[in-house]
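In what follows, a structure is listed as structure tokens, so that the remarks can point back to it.
The values are calculated or read from the model by the stated rules, or taken from the named source; none is laboratory data. These numbers were taken from a predicted model, which means no experiment stands behind them. Using ideal geometry, Cβ is built from the backbone for each residue, glycine included, and neighbour counts are taken over all protein chains shown. Note: accessible area is taken over every heavy atom of the protein model, side chains too, but ligands, DNA and RNA are not part of it. Shrake-Rupley method; radii C 1.70, N 1.55, O 1.52, S 1.80 Å.
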Amino acid sequence: LRLRDASGAVMEKADVPNSAEARKEIWLVTEQSADYTVEIQAKDPNAGGNYSLSVHRAIINDPENKNLIAATRNQAEGFRLHEIGTQDALLRAIPILNAAIALWWELGEKWSYQECMLYLGEVFHRLSEYRKAIQTYETILPLIADPTKGDPIWTYNNLASSHNAIGENERARQYCQR
């Protein structure tokens, strides 16, 4: 998956692992209007398959959307570092995700707020900071009381995983059964 600018230069790319199915995302906030090209290609040029493409959000780049653009950029960079997964990348993701979280909350974007909180919790979990991960996930529990406004399965699964990692198996089981 590649995104090219008007001159044909690759701006962003996401390599898919050697699996039959994979979801990859490219996040881009541009400074100018232009024609961009998205390329979807299998690693094996002879491989067939079904591909789909969607645009999650298109935002007009103007001063009124300054915080929305900043939140989106921070979330994109935090997610990118989260996916890299090295200790250095995970540590760099923490302040970036925290900045996105604050902006999403200020903007009233509850789903984006929750999504960034889940990424942040996963960062803490991967850094073996399980208590911080649990605290992060517990912060969003009130939001998922209404499943139309959040993702309870993702949250409960992550809570169970972090509780399990610190040996709190009964608590982990309780979250798995919700």
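Do we find a residue being without any contact (Cβ under 8 Å) to a residue 40 or more places away in the chain, of a type in the set (Gly, Ala, Ser) and more than 22 Å from Ala14 (Cβ to Cβ) anywhere in the range 125-136? Please lay out each step first, then the result.
Taking the range 125-136 and keeping what is without any contact (Cβ under 8 Å) to a residue 40 or more places away in the chain, we get 128-136.
From what is left, the residues that are of a type in the set (Gly, Ala, Ser) are 128, 133.
Within this subset, residues satisfying the condition of being more than 22 Å from Ala14 (Cβ to Cβ) are 128, 133.
Yes, that holds for at least one residue.
Would you confirm, using the coordinates I've provided, whether Trp111 is more than 15 Å from the chain's Cα centre (by Cα), closer than 17 Å to Gly78 by Cα and open to solvent by 70 Å² or more (accessible area, probe 1.4 Å)?
Values: more than 15 Å from the chain's Cα centre (by Cα): no; closer than 17 Å to Gly78 by Cα: yes; open to solvent by 70 Å² or more (accessible area, probe 1.4 Å): yes.
Judged against the criteria, Trp111 is not a match.
In the range 125-146, what residues are closer than 22 Å to Gly167 by Cα and either surrounded by 19 or more Cβ atoms within 10 Å (Cβ to Cβ) or of a type in the set (A, V, I, L, M, F, W, C) (or both)?
Here is the first cut: in the range 125-146, the residues closer than 22 Å to Gly167 by Cα are 125-139, 141.
Selection gives His125, Leu127, Tyr130, Ala133, Ile134, Thr136, Tyr137, Leu141.
Could you look through the range 60-78, keep only residues that are of a type in the set (Gly, Ala, Ser) and buried (at least 19 other Cβ atoms within 10 Å of the Cβ), and pick out the one that is nearest to Leu107 (Cα to Cα)? Please lay out each step first, then the result.
In the first step, residues of the range 60-78 are kept if they are of a type in the set (Gly, Ala, Ser); the result is 70-71, 76, 78.
Those left that are additionally buried (at least 19 other Cβ atoms within 10 Å of the Cβ): 71, 78.
Details: Ala71: 9, Gly78: 18 Å.
Looking at the filtered set, the residue picked out is Ala71.
When you look at Leu81, is it open to solvent by less than 20 Å² (accessible area, probe 1.4 Å), modelled with pLDDT of 95 or more and within 27 Å of Glu31 (Cα to Cα), yes or no? Write out each step before concluding.
On the way: open to solvent by less than 20 Å² (accessible area, probe 1.4 Å): yes; modelled with pLDDT of 95 or more: no; within 27 Å of Glu31 (Cα to Cα): yes.
No, not satisfied.
Within the range 66-153, considering only helices (runs of 4 or more DSSP H) that don't extend past its boundaries, which have at least 2 residues that are β-branched (Val, Ile, Thr)? Steps first, answer last, please.
On the way: elements: 66-84, 87-107, 110-126, 130-139.
Answer list for the range 66-153: 66-84, 87-107, 130-139.
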